[in-house]
Ligand SMILES: N[C@@H](CCC(=O)N[C@@H](CS)C(=O)NCC(=O)O)C(=O)O
């Protein structure tokens, strides 16, 4: 299988951590691509009409997207402990954690595009403030429910790691830790995992 990805993409990182945690990284070749919301990369949009990464190209030619779908597919290929819990309250907790972290990331990626890509004269402060508020509220919610991230790593934890890692990568002066020490120490502990260390976001 091939994974269309970028070393800068936090959503692709979810899949990259996931395959490492499952021990199937050897079955997934990582292929670097460049994507931008203001231009079309035919190699990507030919597989995912939305033009976004990650995209998983299966050996039978089927392209899977987006990151939650790819992770759930990869989890269906093995019989060991599932990173996406199959049923019960554990499933809804993990999927909700994923939705929250992915939503934080959506806001952070949009904020990045707005502040780094959009011509300065066209930037809209209220819109920037709106995305920043979503990030702050999401972080507060994750911190309030930090206990639910304890225990075995699930897709909820993987997504949370990627969201926090992206904030550190793109918003270096944003201090999300001081007011949320328990979340900061959870993240510090997770950052020592081999799967996390080997996928640190970089340009
Ligand atoms: N919901 C998608 C989001 C993917 C996404 O936003 N990827 C970004 C890169 S981190 C992208 O491809 N941006 C290009 C664009 O918006 O055209 C997922 O979970 O995979």
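Summary of computed values
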{"item": "Fraction of beta bridges assigned by DSSP in the chain that are antiparallel (%, nearest 5)", "result": "60 percent"}
{"item": "Separation in nanometres of the label points that stand 7 Å from Cα toward Cβ, at residue 126 and residue 202", "result": "4.2 nm"}
{"item": "Binned Cα-Cα distance frequencies in region 2-75 - 5 Å width, integer %", "result": "3, 18, 31, 28, 13, 5, 1, 0"}
{"item": "Percent of alpha-carbon pairs separated by more than 11 Å within region 76-115", "result": "68 percent"}
{"item": "Residue 188 versus residue 141: modelled label distance in nm, points set 7 Å from Cα along the beta carbon direction", "result": "2.7 nm"}
{"item": "Whole-Å distance, taken between Cα centres, linking region 40-98 and region 164-203", "result": "23 Å"}
{"item": "D (Stokes-Einstein, µm²/s), Kirkwood Cα radius, region 88-193, 1.002 mPa s at 20 °C", "result": "149 µm²/s"}
{"item": "Where the Cα pairs of region 149-203 fall when distances are cut into 5 Å bins, in %", "result": "4, 18, 31, 28, 15, 4, 0"}
{"item": "Tail weight of P(r) past 28 Å, computed on alpha-carbon pairs of the chain, percent", "result": "26 percent"}
{"item": "Average Cα contact separation per residue, the chain, under 8 Å, 6 or more apart, as relative contact order %", "result": "26 percent"}
{"item": "Contact order relative to length of region 2-75, as percent, for alpha carbon pairs under 8 angstrom and 6 or more apart", "result": "36 percent"}
{"item": "Sum of -39500 (n - 2.57) over DSSP H runs of 4+, divided by residues of the chain (222 nm, nearest 500)", "result": "-16500 deg cm²/dmol"}
{"item": "Region 36-87, relative contact order [Cα under 8 Å, separation at least 6], %", "result": "20 percent"}
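Read-outs: derived from the displayed coordinates by stated rules, not from any lab. Since the structure is predicted, the reported quantities are computational estimates derived from the model, not experimental observations. All Cβ positions, even for glycine, are placed from backbone atoms using ideal geometry, and neighbour counts span all protein chains on display.
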